[in-house]
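Structure, as structure tokens:
The values are calculated or read from the model by the stated rules, or taken from the named source; none is laboratory data. Values in this document were obtained by computation on a predicted structure and should not be read as measured data. With ideal geometry, Cβ positions are generated from the backbone for all residues, glycine too; neighbour counts draw on all protein chains shown. Heavy atoms of the whole protein, side chains included, go into the accessibility calculation; ligands, DNA and RNA do not. Shrake-Rupley method; radii C 1.70, N 1.55, O 1.52, S 1.80 Å.
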Amino acid sequence: MNFGHFDDAAREYVITRPDTPRAWSNYLGSRRYGAIITNNAGGYSFTHSPASGRFLRHRYNSVPMDMPGRQFYLRDRTSGDFWSAAWQPVGKPLAEYQTTTRFGLGYAVIESEYRGIRTEATYFVPLDRDFEYWCLKVTNTGPAPRTLSVFSFCEFTTEWSLGQDTLNLQYTQYISDATWQDGLIQASSCRRLPEDKANFANGDQSRWWWMAQVGGTIAGYDCDREKFLGVYRSFDRPEAVERGACGDSEHFSDNGCGAIQSDLTLAPGETAEVIVLLGIGKTPVAKRTRAKFGHSAAVDRELAKLKEHWHGLLDTMQVQTPDADFDHMTNVWGAYNALMTFEWSRSCSLVYTGEHRDGFGFRDTVQDFLGVTGMMPAAVRERMILMLSGQDSTGGAQPEIRPWAHRPGKMKPTPPSHYRSDDCQWFFNSVPAYVAETGDVAFYDLVVPYADKGKATVFGHLRRALEFNLERTGKHGLPCGLLADWNDCLKLGYKGESVFVTFQLRLGLKTYAEIATQLGRPKEAKWSLAELTKLDRKIAKTCWDGKWFIWAISEDGVVFGTKKAKEGQIYLNTQCWAILSGAATPEQTDKSLAAVKSKLASDYGLALCNPPFDKTPVKVMRAVLFNPGNKENGGIFSHTQSWAVLAEIARGNGDQAYAYYRSFMPSAQNDQAEVREIEPYVHCQSTHAPASKKYGKSRVPWLSGTASWSHYTATNYILGIRPEIDGLRIDPCIPKAWPGFTAKRVFRGKTLHIEVKNPSGVCRDVKSLTIDGRPIAGNLIPAAQLRNGAKIVAELG
């Protein structure tokens, strides 16, 4: 069963049934002014921080899960019948109410028709602005004139702090107000305190926001939530809408809202427009914004600019392959998902509140660079410097960076007990990827402060990252797991050893030696290779269990992930990273990949481990808290899926790699949305594995390391269009059944047209390569030979 389809020409996903299994969502705006919107106009808005800048209220884990959001109610003034421009919250019978939602890049359009009235509601945040648009077009499709009232509605918070607004009611119910001034609503929290715009984190300041409406005849307003809804009503039957008139109420303490009524009279075939502007600031700002942007021409202009911005980013890589589902993700939604994850980290969704992940989680953000470097290298560079400045002088990392509160060189050092062992190892994936994309080798010599004290070049930061793990090892000489490695549920004791981080460290040492050689620093390369040799001996002695690599070793000597174990016998991550780091021999590679396929594979992806934990003490393995087949307890953790794909590609197994990729690719499940339940156009955190009673159902959409890793894997390794410092490598690993593919890639300012042919039906190995008809030896095209508009043809064989 499907609930919609992909429209790649418009770069939209079109939802054709509003009763999706769960609320499906999209993102609007940026960290300056951000918002979430669902297919039924639910969601919320905030500025800078979803946890500390929230001014539209949202209640998590409610039924329905997305109300109230930003709504338009319509009422026929003759019959008294009323409905909403989105199917919810009123929820008219679908036999009478037709609707579609089009989610685009940074906008949403909800089109509906009910009893001779057609509406089109467009929602977006203009680029570089501190307000959002709700634009409603109302058309009379019937043969007789119609008189209508349109009510806009949203629910305000009382305090911009999510925690305070939600829980501390004895305080927050007495600090806010909203009034009608100069034809618009002015709302505030702690009005009598001064503003402190230079210090957003200061909670003891006044906050101001506003709401204006243009179109029709403004007939009333409400700023008091209960006056609009009614004390014993909900969002499906507001009293003001039912009676056909707002009450012109002001808000003083308790709960506020923004509701404005416009009355319309429409001749047959006539269309009227109502524009809502909701933004940050005081009344003078609101009046200037309304004057400049409160008309149709401005709406059209700003929406066109928004589309041009996002479409321009996606235009850096466009492909045409034999698999339309792959193209949906690679050309549009996989790329956009990676961009949204880069923008928001793990801070805001219908699941993430921002309350405990308000800024940029260190390990998450450093990985999130991978999927977007080709689209926005300058932004990645800026963010990468920020994250490097979040590394302590010890080589470990601050767990989270909140840009508005981060002071490089002046932060308190991270307590040793709070260090995670994997944090800074991710730099060895992301930093070389940025330099390869841009050719910016000088970046390695850029001096960046440490978070707490001192400073170093980027190259020095990388060395310190290696030393951090080399200086913290356990009984077998492997890196300690510390508070956690990638898997937060693994509790080894501080001196327990992480085999996953061992393989990360191996990759880091290898990569550092390569960088040192490129920079002409042989002493650094020699040091790194010597440490690599020592580590390899320890890996060979400790980490192989005969058929696969072990998981970890606890502080008291318990070995996880062995063939003798009854629970958690095999762990996906160590199999993949043994191969990706180069630690595994060819024989070990084949055995571990075979074990992964036989013990972890399913129709919806690879389980993180198997069998799930049931009897293991929680002090040893916190994953046992989760139901079997869920999340870290043997669930299909989406983040790790690309690592298995990359491991199969490293062995040249294009068919198996692609089978794994399709198993977790959202678009491939569009026609079984009733199984997956969440959005079929974006990745998720995890899917219920076969051991779960909800096998196949996915949860926590949008913000996951899956987004960047999957897009990076698709473009750089399946398609094999891979930047390197010296040029562009063409090294696809595709299914044998693919006759080839074409791609357009913008690389260092040059647009390249690439065609890959596969007449022999192989997975890998470039037999011939030409640029503008000139043969190239090998599969690396030197940067000096690339020109704008060049035609590159590769033949596999």
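The set of residues in the range 763-785 being assigned to a loop (DSSP other than H, G, I, E, B) and either buried (at least 18 other Cβ atoms within 10 Å of the Cβ) or of a type in the set (Lys, Arg) (or both) consists of CYS763, ARG764, ILE776, ASN779.
The criterion of at least 1 residues that are of a type in the set (Ser, Thr, Tyr) is met, among helices (runs of 4 or more DSSP H) falling completely within the range 297-408, by 334-344, 362-368. Kindly evaluate ARG31 against the criterion of being at pLDDT 95 or above, of a type outside the set (Phe, Trp, Tyr) and open to solvent by 10 Å² or more (accessible area, probe 1.4 Å). Considered against the rule, which asks whether it is at pLDDT 95 or above, of a type outside the set (Phe, Trp, Tyr) and open to solvent by 10 Å² or more (accessible area, probe 1.4 Å), ARG31 comes out as no. When the range 545-586 is limited to residues that are among the aromatic types (Phe, Trp, Tyr) and touching a Lys or Arg at 6+ places or on another chain (Cβ under 9 Å), the one that is surrounded by the most Cβ atoms within 10 Å (Cβ to Cβ) turns out to be TRP548. Scanning the range 587-611 for residues that are more than 13 Å from LEU572 (Cβ to Cβ), in a loop (DSSP other than H, G, I, E, B) and open to solvent by less than 70 Å² (accessible area, probe 1.4 Å) turns up TYR604, PRO611. Annotation: of all residues in the range 343-370 being closer than 30 Å to PRO723 by Cα and hydroxyl-bearing (Ser, Thr, Tyr), the one that is nearest to the chain's Cα centre (by Cα) is SER345. Could you please find all residues in the range 331-383 being of a type in the set (A, V, I, L, M, F, W, C), open to solvent by 10 Å² or more (accessible area, probe 1.4 Å) and farther than 22 Å from ARG699 by Cβ? Correct list: LEU370, MET375, MET376, ALA378, ALA379.
With respect to the conditions (1) part of a strand (DSSP E or B); (2) in contact with a Pro (Cβ under 8 Å, 6 or more places away or on another chain); (3) hydrophobic (A, V, I, L, M, F, W, C), TRP134 falls short on a single one, namely (2).
Go through the residues of the range 135-149 one by one and say whether even a single one is open to solvent by less than 10 Å² (accessible area, probe 1.4 Å) and within 20 Å of SER30 (Cβ to Cβ). If you could, list the steps in order and put the result at the bottom.
Of the residues in the range 135-149, the ones open to solvent by less than 10 Å² (accessible area, probe 1.4 Å) are 135-136, 138, 140, 148-149.
Right, trim to within 20 Å of SER30 (Cβ to Cβ) and you get 135.
The answer is yes; a qualifying residue exists.
Given the criteria crowded, with 20+ Cβ neighbours inside 10 Å and in contact (Cβ under 8 Å) with a residue 12 or more places away in the chain, does MET411 qualify? Answer is no for this residue.
Matching residues to (1) part of a helix (DSSP H, G or I); (2) crowded, with 18+ Cβ neighbours inside 10 Å:
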site: GLN170; (1), (2): yes, no
site: ALA201; (1), (2): no, no
site: ALA212; (1), (2): no, yes
site: GLY220; (1), (2): no, yes
site: ALA240; (1), (2): yes, yes
site: ALA259; (1), (2): no, yes
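Restricting the first member to the range 277-299 and to residues that are free of Cβ contacts under 8 Å to residues at least 12 places away in the same chain, and the second to residues that are assigned to a strand (DSSP E or B) and surrounded by fewer than 17 Cβ atoms within 10 Å (Cβ to Cβ), no beta-carbon pair is closer than 6 Å while six or more apart or on different chains. Contact annotation: residue pairs with Cβ atoms under 8 Å, 6 or more positions apart or on different chains, pairing a residue in the range 672-683 that is at positive phi with a partner that is open to solvent by less than 10 Å² (accessible area, probe 1.4 Å) and at pLDDT 95 or above, are GLU677/SER698. The listed residues are ARG463, ARG472, and the only one of them that is under 30 Å from PHE747 (Cβ atoms), open to solvent by 50 Å² or more (accessible area, probe 1.4 Å) and basic (Lys, Arg) turns out to be ARG463. Could you please let me know if GLU195 is open to solvent by 10 Å² or more (accessible area, probe 1.4 Å), part of a loop (DSSP other than H, G, I, E, B), more than 26 Å from ARG237 (Cβ to Cβ) and touching a helix residue (DSSP H, G or I) at 6+ places or on another chain (Cβ under 8 Å)? For GLU195, the condition - open to solvent by 10 Å² or more (accessible area, probe 1.4 Å), part of a loop (DSSP other than H, G, I, E, B), more than 26 Å from ARG237 (Cβ to Cβ) and touching a helix residue (DSSP H, G or I) at 6+ places or on another chain (Cβ under 8 Å) - is not met.
Being open to solvent by less than 10 Å² (accessible area, probe 1.4 Å) and over 30 Å from GLN785 (Cα atoms) is true for just one of ALA668, ALA691, ALA673, ALA659. Which residue is that? Reasoning before the result, please.
Numbers: ALA668 fails: open to solvent by less than 10 Å² (accessible area, probe 1.4 Å); ALA691 fails: open to solvent by less than 10 Å² (accessible area, probe 1.4 Å); ALA659 fails: open to solvent by less than 10 Å² (accessible area, probe 1.4 Å).
Selected residue: ALA673, the only one of ALA668, ALA691, ALA673, ALA659 that is open to solvent by less than 10 Å² (accessible area, probe 1.4 Å) and over 30 Å from GLN785 (Cα atoms).
Filter the range 699-722 for residues that are among the small types (Gly, Ala, Ser) and touching a residue at least 60 places away in the same chain (Cβ under 8 Å); which is surrounded by the most Cβ atoms within 10 Å (Cβ to Cβ)? Among those residues, the one meeting the criterion is ALA707. Which ones in the range 529-543 are open to solvent by less than 70 Å² (accessible area, probe 1.4 Å) and over 16 Å from GLU467 (Cα atoms)? Listed by number, the residues that qualify are ASP536, ILE539, THR542, CYS543.
Filtering the range 552-570 for residues that are touching a Cys at 6+ places or on another chain (Cβ under 7 Å) and under 18 Å from TYR660 (Cα atoms) leaves a non-empty set. Counting only strands (runs of 3 or more DSSP E) that sit wholly inside the range 678-727, those with at least 1 residues that are within 30 Å of GLU755 (Cβ to Cβ) and of a type in the set (Asp, Glu) are 721-724.
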